[in-house]
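I have placed the structure first, in the form of structure tokens, so that the comments after it can refer back to it.
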Number of protein chains: 2
Amino acid sequence: MGDRNQALRLTDEQRIDWLRLIRSQNVGPSTFRALINHFGGARAALDALPALARRGGGNTAPRICTQEEAERELAAARKLGVSLVAIGEADYPARLQMIDDAPPLLALRGNTSVLSQPLVAIVGSRNASAAGIKLAQRFAHELGEAGFAVVSGLARGIDAAAHRASLSTGTIAVLAGGQDRIYPAEHTDLLASILPSGAAVTEMPMGWEPRGRDFPRRNRLISGLSLGVIIVEAAKRSGSLITARFALEQGREVFAVPGSPLDPRAEGTNGLIKQGATCATETSDVISVLEPIIGLATPAREPDIEGEEPGTDAELAADERSRIIELLSPTPIAVDDLVRLSASSPRTVRIVLLELEIAGRLERHGGSLVSLRG
Amino acid sequence: MGDRNQALRLTDEQRIDWLRLIRSQNVGPSTFRALINHFGGARAALDALPALARRGGGNTAPRICTQEEAERELAAARKLGVSLVAIGEADYPARLQMIDDAPPLLALRGNTSVLSQPLVAIVGSRNASAAGIKLAQRFAHELGEAGFAVVSGLARGIDAAAHRASLSTGTIAVLAGGQDRIYPAEHTDLLASILPSGAAVTEMPMGWEPRGRDFPRRNRLISGLSLGVIIVEAAKRSGSLITARFALEQGREVFAVPGSPLDPRAEGTNGLIKQGATCATETSDVISVLEPIIGLATPAREPDIEGEEPGTDAELAADERSRIIELLSPTPIAVDDLVRLSASSPRTVRIVLLELEIAGRLERHGGSLVSLRG
């Protein structure tokens, strides 16, 4: 589907297939990528799902998103002014494309050209102090003046302060739920004032009410969109620290605003500084690090989503499959080790893992580790 | 005067000569070292001072401390329980000996065995916040419990808090004036409560009232005594930052306690963290860095104070001297460059610099830079 320099452009039919595949049960961004790689396209992958699940030993067939459901979601999106942009398409944010588990489809709303500005995230405590709010505003305002758009999570406290201070220069709210399910509801007006020059982004379906576990997952998009992340105030074990961890894993810059050791809201940020985050007390601390990397082309990683020739797995013998499965347990193991220990080909191991995944029996962890669900 | 493993021990007569030499005009610790190196002893150096100053072009002869003045200082010291310990002697603090401009004689009072504990300095603002005071106390108390003695400058604010919290475990006050001129006067009682288990240290003569410029100079002893320095609160351009700079030059660890970017008392410490100081929010941050280096023997630097054979400078031709002087200006130049550009021997350059110094015409800067006084 086009070479590296030419943006992908899905047909309407392909977009429906992509949407059906990513909305089907047990298919996340990584599985989506693996399926497309293996079967050569979303339609072929959809057709293969029932057989994969069966071979993977699922008790019940995974729920596959129907053509009608996908069309309904597209229509609802269109009605709200939301477009569903596929990874590799021109409107898909360049840096987000480079993370391991980039969403295959992103729901965008607002002035989407803001996504091609240099992006910097500002996140922090919901129960922020007055000082934290003031600092978030200062960073957001000054970064906006300097040509950055500000990414945050539309939460109370630091997030809202960062968005508000960059309304005129451009700000991006990354949502944990669907585009029509704004959380917290009291920020519906804030989002409305973001959209004229900024944008709202989510990977979740229309109508999706965000649950607790959707927020950490969403945080990988906040860092993934951005050149760097500023954490303004964060207690120990707060969501902002999860965003910082994602940023590190994604090779993004991490900035932390210091605070008194007696202030519990500074425990997280001081801890980040001890671990090597850049200590940021003023906007120039951030700009001096980010400015040199703005100009750098986004690392040109071929979206490997359309790499391999579709293959057949008829030749996969039952005993080879069971030998691989026997090596798995609830303790995570590296896929590479699995290949080595099973003496099967990487391709064979991958297809067995896919089968288990679609059957709902496999869990993927960071660093290419996999385990059986307990 | 003894090999490396055997401590120096001055005779009474030598101690008087050392005291006379260091108390003479235009003789600081570096000049003292150079003079002893060149002339082989304090007595020979004292005898040479008038001729050196003449050759260096001084308008008036430098004031040389008399035998009677030195004896009077020794007697006054003894009366107050102050001993004058020479560099290289057993009671001289081991790490202080290693700094470039270590005082040849140190006036010590109190329980001087405290100086052989592992030492850590805690310094900070005089107009400290309540939070800063609390943190200084916490660090001082916990470091005392962990076996460190706490070094500070007896100032109001952070210094006093650090001393008070480590009275029972041992604390060392480094003075900017004489042992009988406590500043601020209101801390006379504090010093009295330090002495039973701690100590007071100064390089200044008995009776010396500290002036403004004596405090930064004193700060090099605070860091020089210690394995590391904790800066608790410091505004921009504060004395504590001078201590931090000395610590860096001396290869000591620098710890800074972070604070809110909106708090002017944290500007200095946050700045230090940005420059690479260790961010310290709790005592374990300090101990984990210092513990591994306590056990390390103090770098065994031969006190070169008695190195060379005494030489003669009769052979130094007038034109060689003037050629070297012509290379000097109010702009600092490295001694090495002076040797190279003059094509004179290092020894010759050193003696000409000594002459200028004793004549009051030379200024020494950090990094072996010298300049003519404007």
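The values are calculated or read from the model by the stated rules, or taken from the named source; none is laboratory data. Here the structure is a predicted model, which is why all the values come from computation and not from measurement. Cβ coordinates were reconstructed from backbone atoms using ideal geometry, including for glycine residues, and neighbour counts include every protein chain displayed. For the accessible areas, the whole protein counts, side chains as well, though only heavy atoms, and no ligand, DNA or RNA atoms are used. Shrake-Rupley method; radii C 1.70, N 1.55, O 1.52, S 1.80 Å.
Return the total of residues in region B:129-155 being hydrophobic (A, V, I, L, M, F, W, C), in a loop (DSSP other than H, G, I, E, B) and under 16 Å from B:L225 (Cα atoms). Talk me through it step by step, then tell me what you get.
In the first step, residues of region B:129-155 are kept if they are hydrophobic (A, V, I, L, M, F, W, C); the result is B:130-131, B:133, B:135-136, B:139-140, B:143, B:146, B:148-151, B:154-155.
Among the residues that remain, those that are also in a loop (DSSP other than H, G, I, E, B) are: B:146, B:148, B:154-155.
Going one step further and asking which of them are under 16 Å from B:L225 (Cα atoms), we end up with B:148, B:154.
Within region B:129-155, residues that are hydrophobic (A, V, I, L, M, F, W, C), in a loop (DSSP other than H, G, I, E, B) and under 16 Å from B:L225 (Cα atoms) number 2.
Of everything in region A:70-101, what is under 15 Å from A:Q14 (Cα atoms) and in contact (Cβ under 8 Å) with a residue 40 or more places away in the chain? Give them in sequence order. I'd like the intermediate steps shown before the answer.
First pass over region A:70-101, keeping only residues under 15 Å from A:Q14 (Cα atoms): A:70-71, A:73-74, A:83-89.
Once the filter is applied, which keeps residues that are under 15 Å from A:Q14 (Cα atoms) and in contact (Cβ under 8 Å) with a residue 40 or more places away in the chain, region A:70-101 yields A:A70, A:E71, A:E73, A:L74, A:L84, A:A86, A:I87, A:G88, A:E89.
Among the residues of region B:265-278, what is the count of those that are free of Cβ contacts under 8 Å to residues at least 24 places away in the same chain and in contact with a strand residue (DSSP E or B) (Cβ under 7 Å, 6 or more places away or on another chain)? Show your work before the answer.
Step one: list which residues in region B:265-278 are free of Cβ contacts under 8 Å to residues at least 24 places away in the same chain, which gives B:270, B:273-276.
Subsequent filtering for residues that are in contact with a strand residue (DSSP E or B) (Cβ under 7 Å, 6 or more places away or on another chain) retains B:270, B:273-274.
Looking only at that region, the number is 3.
Residues in region A:279-299 that are more than 8 Å from every other protein chain (Cβ to nearest Cβ) and either modelled with pLDDT under 95 or open to solvent by 20 Å² or more (accessible area, probe 1.4 Å) (or both): how many?
Of the residues in region A:279-299, 13 are more than 8 Å from every other protein chain (Cβ to nearest Cβ) and either modelled with pLDDT under 95 or open to solvent by 20 Å² or more (accessible area, probe 1.4 Å) (or both).
Residues of region B:128-163 being in contact with a Pro (Cβ under 7 Å, 6 or more places away or on another chain), buried (at least 24 other Cβ atoms within 10 Å of the Cβ) and more than 17 Å from B:P258 (Cα to Cα), which ones? I'd like the intermediate steps shown before the answer.
To start, the set of residues in region B:128-163 that are in contact with a Pro (Cβ under 7 Å, 6 or more places away or on another chain) comprises B:135, B:147-148, B:156.
After this cut, where a residue has to be buried (at least 24 other Cβ atoms within 10 Å of the Cβ) as well, the list is B:135, B:148.
The one that is in contact with a Pro (Cβ under 7 Å, 6 or more places away or on another chain), buried (at least 24 other Cβ atoms within 10 Å of the Cβ) and more than 17 Å from B:P258 (Cα to Cα): B:F148.
Restricting to region A:349-374, name every residue that is at pLDDT below 90 and among the polar types (S, T, N, Q).
A:S368
Taking region A:171-189 only, how many residues are in contact with a helix residue (DSSP H, G or I) (Cβ under 6 Å, 6 or more places away or on another chain) and surrounded by fewer than 24 Cβ atoms within 10 Å (Cβ to Cβ)?
1
Residue check, A:E233 against (1) without any contact (Cβ under 8 Å) to a residue 40 or more places away in the chain; (2) assigned to a loop (DSSP other than H, G, I, E, B); (3) within 10 Å of chain B (Cβ to nearest Cβ), all met but one. Which one?
(1)
Let me spell it out: the conditions are (1) closer than 19 Å to A:I158 by Cα; (2) surrounded by 23 or more Cβ atoms within 10 Å (Cβ to Cβ), and A:E203 meets all of them except one. Which number is the exception?
Every condition holds for A:E203 apart from (1).
Any chance region A:60-71 includes a residue that's open to solvent by 50 Å² or more (accessible area, probe 1.4 Å), in a loop (DSSP other than H, G, I, E, B), farther than 27 Å from A:A149 by Cβ and of a type in the set (A, V, I, L, M, F, W, C)?
Yes, that holds for at least one residue.
Considering region A:135-144 alone, what residues qualify as being touching a helix residue (DSSP H, G or I) at 6+ places or on another chain (Cβ under 8 Å) and either farther than 12 Å from A:H163 by Cβ or within 13 Å of chain B (Cβ to nearest Cβ) (or both)? Reasoning before the result, please.
Pass one, region A:135-144, residues touching a helix residue (DSSP H, G or I) at 6+ places or on another chain (Cβ under 8 Å): A:136-140, A:142-143.
Within region A:135-144, A:A136, A:Q137, A:R138, A:F139, A:E142, A:L143 qualify.
When region A:332-374 is examined, which residues are found to be in a loop (DSSP other than H, G, I, E, B) and either in contact with a strand residue (DSSP E or B) (Cβ under 6 Å, 6 or more places away or on another chain) or closer than 24 Å to A:A48 by Cβ (or both)? Step through it out loud before you land on a result.
Of region A:332-374, the ones in a loop (DSSP other than H, G, I, E, B) are A:332, A:343-345, A:359-361, A:366-368, A:373-374.
Result: A:P332, A:S344, A:S345, A:A359, A:G360, A:R361, A:S368, A:R373.
B:R220 is checked against (1) in contact (Cβ under 8 Å) with a residue 24 or more places away in the chain; (2) in a loop (DSSP other than H, G, I, E, B); (3) away from chain A (no Cβ under 14 Å) and fails just one. What number does that condition carry?
Checking B:R220 against (1) in contact (Cβ under 8 Å) with a residue 24 or more places away in the chain; (2) in a loop (DSSP other than H, G, I, E, B); (3) away from chain A (no Cβ under 14 Å), the one that fails is (2).
With A:E233, A:E253, A:E249 as the choices, which residue is open to solvent by 40 Å² or more (accessible area, probe 1.4 Å) and over 16 Å from the mean Cα position of the chain (by Cα)?
On the way: A:E233 fails: open to solvent by 40 Å² or more (accessible area, probe 1.4 Å); A:E249 fails: over 16 Å from the mean Cα position of the chain (by Cα).
Criteria check complete, one pass: A:E253.
Restricting to region B:269-278, give me the number of residues that are buried (at least 24 other Cβ atoms within 10 Å of the Cβ) and either in a loop (DSSP other than H, G, I, E, B) or facing chain A (nearest Cβ under 7 Å) (or both). Write out each step before concluding.
Applying the first criterion (buried (at least 24 other Cβ atoms within 10 Å of the Cβ)) to region B:269-278 yields B:269-270, B:272-273, B:277.
Next, from what is left, pick out any that are either in a loop (DSSP other than H, G, I, E, B) or facing chain A (nearest Cβ under 7 Å) (or both): B:270, B:273, B:277.
Number satisfying all stated conditions: 3.
List pairs: first residue in region A:241-263 and within 14 Å of another protein chain (Cβ to nearest Cβ), second residue outside any helix (DSSP H, G or I) and open to solvent by 50 Å² or more (accessible area, probe 1.4 Å) anywhere in the structure, Cβ distance under 7 angstrom, at least six positions apart or on different chains.
A:P261/B:E282
Got a sec? Which of B:R33, B:R126, B:R54, B:R109 is away from chain A (no Cβ under 14 Å) and part of a strand (DSSP E or B)?
Values: B:R33 fails: part of a strand (DSSP E or B); B:R126 fails: part of a strand (DSSP E or B); B:R54 fails: part of a strand (DSSP E or B).
Answer to the selection: B:R109.
For (1) open to solvent by 30 Å² or more (accessible area, probe 1.4 Å); (2) not in a helix (DSSP H, G or I), each residue gets a yes or a no:
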site: B:L10; (1), (2): no, yes
site: B:E13; (1), (2): yes, no
site: B:D17; (1), (2): no, no
site: B:N26; (1), (2): yes, yes
site: B:N37; (1), (2): no, no
site: B:R43; (1), (2): yes, no
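Suppose the filter is in a strand (DSSP E or B) and touching a residue at least 40 places away in the same chain (Cβ under 8 Å); does B:A121 pass it?
Working: in a strand (DSSP E or B): yes; touching a residue at least 40 places away in the same chain (Cβ under 8 Å): yes.
Criteria met by B:A121.
Looking only at region B:79-106, count how many residues are among the aliphatic types (A, V, I, L, M) and part of a strand (DSSP E or B). Quick ask: steps written out before the conclusion?
Just the residues of region B:79-106 that are among the aliphatic types (A, V, I, L, M), to begin with: B:80, B:82, B:84-87, B:90, B:94, B:96, B:98-99, B:102, B:105-106.
Still in the running and part of a strand (DSSP E or B): B:84-86, B:105-106.
Here the count works out to 5.
Just to be sure, is A:I182 closer than 21 Å to A:R78 by Cβ and in contact with a strand residue (DSSP E or B) (Cβ under 6 Å, 6 or more places away or on another chain)? Talk me through it step by step, then tell me what you get.
Numbers: closer than 21 Å to A:R78 by Cβ: yes; in contact with a strand residue (DSSP E or B) (Cβ under 6 Å, 6 or more places away or on another chain): no.
Against the criterion (closer than 21 Å to A:R78 by Cβ and in contact with a strand residue (DSSP E or B) (Cβ under 6 Å, 6 or more places away or on another chain)), A:I182 does not qualify.
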